[in-house]
Amino acid sequence: MEKLLILIKLVLLILLLNKTLIAQAFEYSDNYLEAPLIFSHETILEGISKIVPVGGDFSRYSKIELSKVKKDVLEPSAWLKDKIYNETGDIAKLENTLRSKDSPLSDPIFDQFKHLPMHIDNTLEILSSNPLIFCNKVSKQYNKNGVFFELNCTIPFGFFSKYLILRLQFQDMVWYFKKITSLNYYRLKELLLIAETFNVKK
């Protein structure tokens, strides 16, 4: 009987430890969902999770992606600058959506603005040659988990922008990469607040 009690306690302890290990890495309201992040191809990143808003036609354009970097990062600033070039594919997909026949930006009323610098064509030409022109310099910042490096970019598409923030942080001997993106500045601020709650559970 005593051995059975010890066994039950041991099982409960293991279950408790497992529950702790898979506890949420972020804190967020019911207006957001967390799902596993799985990459469709081989990459230097190992996906962990992504946070997305619930519902809405544009919600898929707002998210936080959290990954582990599989290799050691010797120069965080240079790593982030290189990483922005990997984002041009997603930005091109967004551009195709915005220029589709059903997009409000395809309305003839916007033809009068095609000569302006904010027009989509100009953005794509610059983006293909040097996406960093839309970004601030990599900054070194601090949060409750220590030092992190951030590349903050604002990519104009006509009369609105794609906000993209890439962060790299070293914690518990692991480099963590966060990608925070949105088409709405207010949503971006919400996502940044959620990103700040990230913590590695022991």
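Computed quantities for the displayed model
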read-out	value
Residues (free of Cβ contacts under 8 Å to residues at least 40 places away in the same chain and closer than 24 Å to ASP82 by Cα) located in segment 30-47	LEU37, ILE38, PHE39, SER40, HIS41, GLU42, THR43, ILE44, GLU46, GLY47
Any chance THR181 is assigned to a strand (DSSP E or B), surrounded by fewer than 17 Cβ atoms within 10 Å (Cβ to Cβ), among the polar types (S, T, N, Q) and at pLDDT below 95	no
From TYR186, TYR163, residue being surrounded by fewer than 17 Cβ atoms within 10 Å (Cβ to Cβ) and not in a loop (DSSP other than H, G, I, E, B)	TYR186
Extreme residue, surrounded by the most Cβ atoms within 10 Å (Cβ to Cβ), among residues of segment 55-98 that are modelled with pLDDT of 90 or more and among the aliphatic types (A, V, I, L, M)	ILE64
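The values are calculated or read from the model by the stated rules, or taken from the named source; none is laboratory data. Note that the coordinates shown come from a computational prediction; the quantities given were computed from them, not determined experimentally. For neighbour counting, all protein chains shown are included, and Cβ atoms are generated from backbone atoms with ideal geometry for every residue, glycine included.
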